[in-house]
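Each remark here refers to the structure printed beneath this line.
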Amino acid sequence: MSVPAIEIQGVRKAFRRREREAGAPWWKREWKEKVALHELDLAVVPGGITGILGPNGSGKSTLIRILGTLLTPDSGTARVFGWDVVKEALEVRTHVNRVSVEAAFFKELSPWENMVYAARLYGNVRRGTRRRVLEVLELLGLPRDVIDQPMKQLSRGQQQKVAIARSFLTAPSLLLMDEPTTGLDPRSKKEVQAVLETLRAEREITVLICTHDMDEAAALCERVLMMDGGRVLADGSPAELCREHGGATLEDVFMHLTGKRLEAEEAEEVAR
Ligand SMILES: Nc1ncnc2c1ncn2[C@@H]1O[C@H](COP(=O)(O)OP(=O)(O)OP(=O)(O)O)[C@@H](O)[C@H]1O
Ligand SMILES: [Mg+2]
């Protein structure tokens, strides 16, 4: 059997933060522990797209950051292709790439310069790279001339597409995508999803993607984990989950498991 792409055993992560008790004066804040992940177990085989669905604060980004070696777990072990994320973080980093909404760029440099920088960092500039980048950007619906303008002149959606294209460029074995399509218009969402499908077809890549979009998860993922309050509540293919919980859609399944609607909560969050 091949080594699992992701193997997590008993991973727990808590953050210490200062909180005010209900009714306490504003200046009286106590240190409280907030558990972001409760002893989590997870194994993901190489290949395929696994989705993580869950409301705000359910621990999705914490999980992604631990796998990306940006956070260390308080206890338990996490391995990526057999490498330990704490003890063998350097090896893990060569196999993993993370895309998130708050992507970091050199804003004065162009998308092309940013990409070359990223590719050099990973020792990955080859002949034909520029052509490949142009192809991906085109698939993502970005005009060709954008590639040589300073990043700061691009819209947020365009910058997000560059972040996605950049992550493909470095050919990771495990791609961690933290809400890559949040904030994109419906057409751009479709373009990003189409590129993911293309990539999956043409290379051996494992994708872990967090999303709030149930339809996106149903369309892209062969396996979906539903999280709430730092725990995995359900795990299976979209069809299996619907069958098991007697729902027509993933939204129904989430409602059945938690008594709340994921998308309604979203709308409230935006309104706040
Ligand atoms: N650096 C931090 N310091 C303190 N608390 C944190 C920190 N990072 C996350 N948390 C807390 O841990 C919990 C899980 O956060 P996390 O970012 O993993 O959620 P999420 O599922 O990604 O949510 P969202 O959908 O809003 O992105 C939340 O209660 C959050 O407030
Ligand atoms: Mg998050």
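The values are calculated or read from the model by the stated rules, or taken from the named source; none is laboratory data. The model shown is predicted, which means the values in this text are computed figures rather than measured ones. Methodologically, a virtual Cβ is constructed for each residue, glycine included, from the backbone with ideal geometry; neighbour enumeration extends over all protein chains shown. Calculation scope for accessible area: heavy atoms of the full protein, side chains included, ligands and nucleic acids excluded. Shrake-Rupley method; radii C 1.70, N 1.55, O 1.52, S 1.80 Å.
With a cut-off of 19 Å on the backbone N, the residues of the stretch 38-63 near the modelled label site 7 Å out from Ala239 along Cα-Cβ are 48-51. Build a GNM of the chain with springs between Cα atoms under 10 Å apart, and of Leu121, Leu257, Leu241 the one that fluctuates most is Leu121. Working note: 222 nm ellipticity from helices only, DSSP H runs with n ≥ 4, each -39,500 (n - 2.57), summed and divided by the residues of the chain, gives -11000 deg cm²/dmol to the nearest 500.
At full extension, Ala89 and Gln153 could sit 19.6 nm farther apart than now, given 0.36 nm per residue minus the alpha carbon distance.
Entry comment: accessible area of the stretch 46-163 is 49 Å² per residue, from protein heavy atoms only and a probe of 1.4 Å.
For the chain, the dipole from Cβ point charges (+1 on Lys and Arg, -1 on Asp and Glu) about the Cα centre works out to 1080 debye, to the nearest 20.
When the chain is treated as a Gaussian network with alpha carbon springs shorter than 10 Å, the biggest mean-square fluctuation among Asp41, Asp228, Asp185 belongs to Asp185. Applying both filters, DSSP loop and at most 12 other Cβ atoms within 10 Å, to the chymotrypsin sites (Phe, Trp or Tyr not before Pro) of the stretch 96-190 gives Phe106. Longest exposed-loop-site-free stretch of the chain, with GluC sites (Glu not before Pro), DSSP loop and at most 16 other Cβ within 10 Å? After excluding every exposed loop site, the longest remaining stretch is 109-203. Considering only the Cα atoms of the chain, their convex hull presents on average a projected area of 16.7 nm². Compared with the alpha-carbon gap, the fully stretched path from Ala43 to Leu70 is longer by 7.7 nm at 0.36 nm per residue.
Note on Lys32 and Val101: the model spin-label points, each 7 Å out from Cα along the C-beta direction, lie 2.3 nm apart.
Surface composition of the chain: carbon and sulfur make up 51 percent of the accessible area, probe 1.4 Å.
For the chain, the number of Lys pairs with C-alpha atoms closer than 22 Å, counting only pairs eight or more positions apart or on separate chains, is 16. Charges only on Cβ, +1 for Lys and Arg, -1 for Asp and Glu: so what's the dipole of the stretch 1-104 about the Cα centre, in debye to the nearest 20? About 500 debye.
Length gained on full extension, Arg20 to His256: 81.7 nm, using 0.36 nm per residue less the C-alpha separation. Students often get this wrong: which residues of the stretch 152-180 have the backbone nitrogen under 15 Å from the point 7 angstrom along Cα-to-C-beta of Glu108? Output list for this probe position: 152-153. Please say if the stretch 1-133 is rounded, prolate or oblate, where rounded means a/c under 1.5 for a ≥ b ≥ c the square roots of the C-alpha gyration tensor eigenvalues, and otherwise the choice is prolate for a/b larger than b/c and oblate otherwise? Because a/c hits 1.5 or more and a/b fails to exceed b/c, the stretch 1-133 counts as oblate. For the chain, the share of DSSP beta bridges that are antiparallel, to the nearest 5, is 55%.
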